[in-house]
Amino acid sequence: MESGLSDLTAPIRLLALGDTAWTLEFGERIDPALHARVLGLAEALAQARGGEGAGDFAGIVDVVPTFRSLTVHYNPLLADGGRLGQALVRLAQTAGTATVHGRHWRIPVCFDSEFAPDLDDLAAAKGLSRDAVIALLTAATFQVYMIGFMPGFPYMGGLPGVLEVPRLATPRKAVPARSLAIAGAMCAVYPWESPGGWRLLGRTPVPMFDAADALQPALLAAGDRVAWQAIDRPLFLQMEAAASAGEFNRDELLTAPGGD
């Protein structure tokens, strides 16, 4: 992995996203140092937009951070796109870094074969036993970089390098809801049934999105950290039934309410 210093000094790429948005890329890797630069710019931009001195930033309508970039949407009737882009680059060069101190979760996952159709193939490809792959997954701590693709879908870094694997050559037409999956260096959980090409290694009984919770419908948020806890099939079914009946308190999964 490259040093943190190179992450902090790497040049910023300014990319036009149509004629109403700019994307600022800080790098191409999934890395906490790059993510800290993204969050630093987001924080600096929030401060710059507040108050009467917003200037070139007054026409901004939305800011979308990812693990390595920040996209800024603006109203072209209220902002000069070219001037805004240059102002964003200048701000990014001086913004520094920031860290989101999220919550720490321990989320149960069942690695039963029915729920993990790609686990044996991954183990064979890596020269590992099935249990060794599960041990690597449950020993790691994953950081949520962003929520995207669909409501509640967490993009997480922290996958052990030995388990990195490309997406399936042919995506599945239907990935079951709550499937634990990996692709490249990323880990995620599908909150809903949907098509997908990530490798499926298990399933959690915990709903990843609850529309009835107006304040926090998505279980996870950027900055959160996640550890997986292996459970057997009977406990999975018991917890799944409790969640379906609305009798599952997801706050019981917190190991730290917030902060490090």
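Residues being more than 28 Å from Pro32 (Cβ to Cβ) and either outside the structural domain of Met146 (by TED's automatic domain parsing) or charged (D, E, K, R) (or both): count how many of those fall in segment 214-244.
If we filter segment 214-244 for residues that are more than 28 Å from Pro32 (Cβ to Cβ), which is where we start, we get 214, 231-244.
Then drop every residue that is not either outside the structural domain of Met146 (by TED's automatic domain parsing) or charged (D, E, K, R) (or both), which leaves 232-233, 240.
So the answer is 3.
Kindly establish whether Val133 is assigned by TED's automatic domain parsing to the domain that holds Leu39 and touching a strand residue (DSSP E or B) at 6+ places or on another chain (Cβ under 9 Å).
Working: assigned by TED's automatic domain parsing to the domain that holds Leu39: no; touching a strand residue (DSSP E or B) at 6+ places or on another chain (Cβ under 9 Å): yes.
Against the criterion (assigned by TED's automatic domain parsing to the domain that holds Leu39 and touching a strand residue (DSSP E or B) at 6+ places or on another chain (Cβ under 9 Å)), Val133 does not qualify.
Within segment 21-35, does at least one residue satisfy the condition of being farther than 26 Å from Leu159 by Cα, outside the structural domain of Ala188 (by TED's automatic domain parsing) and without any contact (Cβ under 8 Å) to a residue 24 or more places away in the chain?
Within segment 21-35, not a single residue is farther than 26 Å from Leu159 by Cα, outside the structural domain of Ala188 (by TED's automatic domain parsing) and without any contact (Cβ under 8 Å) to a residue 24 or more places away in the chain.
Among Ala87, Ala79, which is the only one that is of a type in the set (Gly, Ala, Ser), in the same structural domain as Trp22 (by TED's automatic domain parsing), under 19 Å from Val64 (Cβ atoms) and touching a strand residue (DSSP E or B) at 6+ places or on another chain (Cβ under 9 Å)?
Ala79
Just one of the numbered conditions (1) more than 16 Å from the chain's Cα centre (by Cα); (2) surrounded by fewer than 19 Cβ atoms within 10 Å (Cβ to Cβ); (3) in a strand (DSSP E or B) is not true of Gln47; which one?
For Gln47, the failing item is (3).
If you check Thr99, Thr141, which single one turns out to be loosely packed, with under 15 Cβ neighbours inside 10 Å, in contact (Cβ under 8 Å) with a residue 40 or more places away in the chain and not assigned by TED's automatic domain parsing to the domain that holds Met156?
Details: Thr141 fails: not assigned by TED's automatic domain parsing to the domain that holds Met156.
The conditions single out Thr99.
As an exercise: evaluate Asp210 against (1) touching a Gly at 6+ places or on another chain (Cβ under 6 Å); (2) closer than 27 Å to His101 by Cβ and give the number of the one condition it does not meet.
(1)
Here is a yes/no grid of residues against (1) surrounded by 13 or more Cβ atoms within 10 Å (Cβ to Cβ); (2) more than 27 Å from the chain's Cα centre (by Cα); (3) not small (Gly, Ala, Ser):
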position	(1), (2), (3)
Pro76	yes, yes, yes
Ala92	yes, no, no
Ala95	yes, no, no
Arg103	yes, no, yes
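For segment 211-243: of the residues being free of Cβ contacts under 8 Å to residues at least 60 places away in the same chain and closer than 16 Å to Ser179 by Cα, which is surrounded by the fewest Cβ atoms within 10 Å (Cβ to Cβ)? Steps first, please.
First, the residues of segment 211-243 that are free of Cβ contacts under 8 Å to residues at least 60 places away in the same chain: 211-216, 234, 237-238, 240-243.
Then keep just the ones that are closer than 16 Å to Ser179 by Cα; that gives 237, 240, 243.
Numbers: Leu237: 13, Glu240: 18, Ala243: 18.
Taking the candidates together, the pick is Leu237.
Could you check segment 187-202 and list, in sequence order, the residues that are in contact (Cβ under 8 Å) with a residue 40 or more places away in the chain and outside any strand (DSSP E or B)?
Pro191, Trp192
Does Gly197 count as closer than 25 Å to His35 by Cβ, surrounded by fewer than 21 Cβ atoms within 10 Å (Cβ to Cβ), in contact with a strand residue (DSSP E or B) (Cβ under 9 Å, 6 or more places away or on another chain) and modelled with pLDDT of 95 or more? If you could, list the steps in order and put the result at the bottom.
Working: closer than 25 Å to His35 by Cβ: yes; surrounded by fewer than 21 Cβ atoms within 10 Å (Cβ to Cβ): yes; in contact with a strand residue (DSSP E or B) (Cβ under 9 Å, 6 or more places away or on another chain): yes; modelled with pLDDT of 95 or more: yes.
In short, yes.
So, in segment 220-240, how many residues would count as being over 12 Å from Arg106 (Cα atoms), at pLDDT 95 or above and of a type in the set (A, V, I, L, M, F, W, C)?
First, the residues of segment 220-240 that are over 12 Å from Arg106 (Cα atoms): 221-223, 232-240.
The next check asks that each one be at pLDDT 95 or above; those that pass are 232-240.
The next check asks that each one be of a type in the set (A, V, I, L, M, F, W, C); those that pass are 235-237, 239.
Number of matching residues: 4.
The values are calculated or read from the model by the stated rules, or taken from the named source; none is laboratory data. Only a predicted model underlies this, so the values are computations on that prediction, with no experimental measurement involved. A quick note on method: Cβ atoms are made from the backbone with ideal geometry, for glycine too, and the neighbour counts reach across all protein chains shown.
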